[in-house]
Amino acid sequence: MQLIPSILVTGGAGYIGSHTAVSLAKAGFRVVLLDNYSNSDVKAVHGVRSLINADVPFYEVDCRDKDALIDVFRTEQEMGHEIKGVIHFAALKSVGESVENPSLYEDNNIVGTERLLEVMREFDVENLVFSSSCTVYGEPEVVPVDENAPFLEAESPYGFTKQACEKLIVDHLKPNPEFNAVILRYFNPIGAHPSATIGESPNGVPNNLIPYLCQSVAGIRGALQVFGTDYPTPDGSCIRDYLHVMDLAEAHVSALEYLFKDKLRGKDTGWRAYNLGTGKGASVLEVIEAFEKVTGRSVPYSIAERREGDVVAIWANASRAKDELGWEAKRSLEEALNDSWKWQKKRPDSQ
Ligand code: NAD
Ligand code: UD1
């Protein structure tokens with residue numbers, strides 16, 4: 001009988017976690033979801049179950065609660081499904097909120113990661129994939145940015161928590177030589193599952209460009225504000241590397257397979273970081289134009305002041321992920337925008 005590895009997905013009811021759960025199941029892994037629903041709800045779990053067509057286990061647990069985490073690992077073990085790897089998405093991610101309440105972010109994101117590492121050690125779980133962000137690079141001096149770029153001072157407490165968690169993981173490896181970690185630094189994930197069964201559902205007014213744009217076109221919000229058109233870029237608006245969330249989800253499958261092939265075992269560090277992006281930058285005005293072209297809907301927008309803390313231009317050199325993980329983004333910006341719009345149209349608040 002072939003053993004199917006169980007993978008714990010923390011933050012599994014969230015945007016990227018739910019899409020990744022579907023890709024993991026399609027690739028033959030057994031997924032176990034964990035979330036405290038601080039930025040999500042049970043609908044995403046139902047969505048994952050319906051796409052996978054299976055009763056995926058879900059635990060409503062906060063990663064800072066060590067006893068509750070132990071219960072999850074133990075329960076799965078007692079049912080004969082020892083957890084073999086963890087993908088750690090669970091974190092708070094609103095940059096603005098982190099500026100207002102830095103200690104909440106440090107507590108939630110850093111303490112949550114510490115507890116998880118402790119429990120993984122207790123249960124001899126050796127494989128971790130961690131959700132990091134291109135925010136660790138701050139405003140890079142050279143673009144496209146590669147993984148050797150230095151960490152500049154974090155632009156926000158949120159960014160600081162990502163730098164700190166990366167360091168925690170690397171420090172954890174030193175006394176635990178059997179432990180292996182892949183750190184994934186995401187650029188700007190957008191889009192939704194093409195079935196529009198799951199997608200991005202931010203609580204309240206969205207901070208990020210695509211959810212705000214979609215809600216604006218749907219008439220739920222006022223006109224989109226383009227934050228600055230006086231930057232030193234070809235059209236004056238900021239440039240980012242937008243990648244389809246399904247491409248991102250598939251990168252996690254590649255990362256786990258890489259870990260399970262023992263690619264990092266015995267190496268002097270036991271960890272490796274990878275940029276995940278398309279390698280192409282698009283400006284805010286180009287995104288608006290692409291959205292209008294692919295959906296046939298016009299985007300109401302106005303030009304506004306620059307947003308504090310915004311990086312001018314950043315996109316990925318993702319060649320390490322291609323060379324070592326065998327992953328590259330396949331879907332276009334247009335496809336991602338179309339899927340975001342399909343999801344928006346299907347959401348109950350989109351009427
Ligand atoms: P999300 O908010 O949709 O998902 C995160 C999930 O984690 C939510 O469901 C939330 O309820 C849960 N969570 C938060 N704190 C928790 C805790 N202490 N215990 C248990 N569950 C907790 O966000 P997302 O976009 O899916 O992001 C997933 C990860 O990717 C995060 O770590 C985020 O920082 C990182 N990331 C996201 C982006 C992006 O643009 N979306 C970019 C770079 C990195
Ligand atoms: C931000 C965070 C990043 C985090 C990510 C996910 C910063 C500096 N970076 O990325 O660390 O991982 O969110 O939460 O905050 N824009 C508008 N109008 C809007 C919204 C956005 O013009 O209403 C512009 C922004 O100025 C930016 C681009 O759209 O140029 C993308 O913004 P956003 O989606 O918020 O992502 P980032 O700022 O790149």
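Computed from the coordinates by the stated procedures, all read-outs in this text should not be read as laboratory data. Everything quoted here is computed from the prediction, not taken from an experiment. Positions of Cβ are backbone-derived with ideal geometry, glycine not excepted, and every protein chain shown enters the neighbour counts.
Taking 51 Å as R0, compute the FRET efficiency from the Cβ-Cβ separation of ILE4 and GLU292 and round it to 0.05.
Efficiency computed from Cβ-Cβ geometry: 0.70.
Which of the trypsin sites (Lys or Arg not before Pro) found in region 256-294 are in a DSSP loop and have at most 12 neighbouring Cβ atoms, other than their own, within 10 Å?
Sites meeting the loop and neighbour criteria: LYS261, LYS267.
Taking amide H atoms as placed 1.01 Å from N in the peptide plane, list the residues 5 or more away in sequence, or in a different chain, whose amide H sits under 5 Å from that of ILE183.
PHE130, ARG272, ALA273, TYR274
Taking LYS26 as the anchor, which aspartates and glutamates have their alpha carbon closer than 12 Å to its alpha carbon, excluding any fewer than eight residues away along the same chain?
Filter leaves GLU250.
Output the pairs from LYS93/LYS342; LYS84/LYS345; LYS162/LYS322 with a Cα-Cα distance over 30 Å in this structure; if there are none, say none.
LYS84/LYS345, as the Cα separations exceed 30 Å there.
Ignoring everything except DSSP H segments at least 4 long, calculate the 222 nm mean residue ellipticity for the chain; use -39,500 (n - 2.57) per segment, divide by total residues, nearest 500.
Result for the chain, helices only: -11000 deg cm²/dmol.
List the GluC sites (Glu not before Pro) within region 100-199 that DSSP assigns to loop and that have no more than 13 neighbouring Cβ atoms inside 10 Å.
GLU141, GLU153, GLU178
Between helix 66-78 and the chain, what is the angle of the helix's C-alpha long axis to the longest principal axis, kept within 0 to 90° and rounded to the nearest 10?
Long axis of 66-78 versus the principal axis of the chain: about 60 degrees.
Give the residue list of GluC sites (Glu not before Pro) in region 262-335 that are DSSP loop and have at most 14 other beta-carbon atoms within 10 angstrom.
In loop regions of region 262-335 (DSSP not H, G, I, E or B), the sparsely surrounded GluC sites (Glu not before Pro) are GLU305, GLU308.
Based on the alpha carbon coordinates of region 147-302, what radius of gyration and maximum Cα-Cα distance (Dmax) apply, in Å?
18.9, 56
Please state the charge dipole magnitude for region 1-140, taken about the Cα centre, from unit charges on C-beta atoms (+1 on K and R, -1 on D and E), reported in debye and rounded to the nearest 20.
600
5 Å is the cut-off here: which amide hydrogens, built 1.01 Å from N in the peptide plane, fall below it relative to ALA313, excluding neighbours closer than 5 in sequence?
Hits under the 5 Å cutoff: ILE239.
With unit charges on the beta carbons (Lys and Arg positive, Asp and Glu negative) and the dipole taken about the Cα centre of the chain, which residue among TRP271, GLY204, TYR301 sits farthest to the positive side?
TYR301
Hey, what angle do you get for helix 157-173 against the long axis of the chain, alpha-carbon based, 0 to 90 degrees rounded to 10?
The helix 157-173 is inclined about 30 degrees to the chain.
Putting +1 on Lys and Arg Cβ atoms and -1 on Asp and Glu Cβ atoms, find which of GLN225, ALA318, GLY281 reaches farthest to the positive end of the dipole of region 204-351.
Towards the positive end, the residue furthest out is ALA318.
Quick check: Cα centre of region 167-201 to Cα centre of region 207-275, how many Å?
The two parts, judged by their Cα centres, are 12 Å apart.
Could you state, as a whole-number percent, how many of the C-alpha pairs of the chain are farther apart than 34 Å?
Percent of Cα pairs beyond 34 Å in the chain: 21.
Using the Karplus equation 6.51 cos²θ - 1.76 cosθ + 1.60 (θ = phi - 60°), what ³J(HN,Hα) coupling, rounded to whole Hz, does each residue of region 36-53 give in order, writing x for Gly and Pro?
Along region 36-53, the couplings run 9, 6, 5, 9, 6, 8, 5, 4, 5, 5, 4, x, 4, 4, 6, 6, 7, 6 Hz.
Which whole-Hz couplings ³J(HN,Hα) result when phi for each residue of region 19-29 is put into the Karplus expression 6.51 cos²θ - 1.76 cosθ + 1.60, θ = phi - 60°, listed in order with x for Gly and Pro?
5, 5, 4, 5, 5, 5, 5, 4, 7, x, 7
Under the Karplus relation 6.51 cos²θ - 1.76 cosθ + 1.60, θ = phi - 60°, what is the ordered set of whole-Hz ³J(HN,Hα) values for region 320-326, x standing for Gly and Pro?
For region 320-326, the Karplus curve yields 5, 4, 5, 5, 9, 9, x Hz.
In whole angstrom, how far apart do the alpha carbon centroids of region 42-101 and region 290-329 sit?
Between the Cα centre of region 42-101 and that of region 290-329, the gap is 28 Å.
So, how do all the Cα-to-Cα distances of region 1-90 break down into 5 Å bins, in percent, from 0 on up?
Each 5 Å bin holds this share of Cα pairs: 3, 15, 29, 26, 19, 7, 1, 0.
In degrees between 0 and 90, to the nearest 10, how far off the longest principal axis of the chain does helix 284-295 point, with axes built from Cα atoms?
It is inclined by approximately 90 degrees.
If we restrict to alpha carbons, what Rg and Dmax does region 239-351 come to, in Å?
17.7, 55
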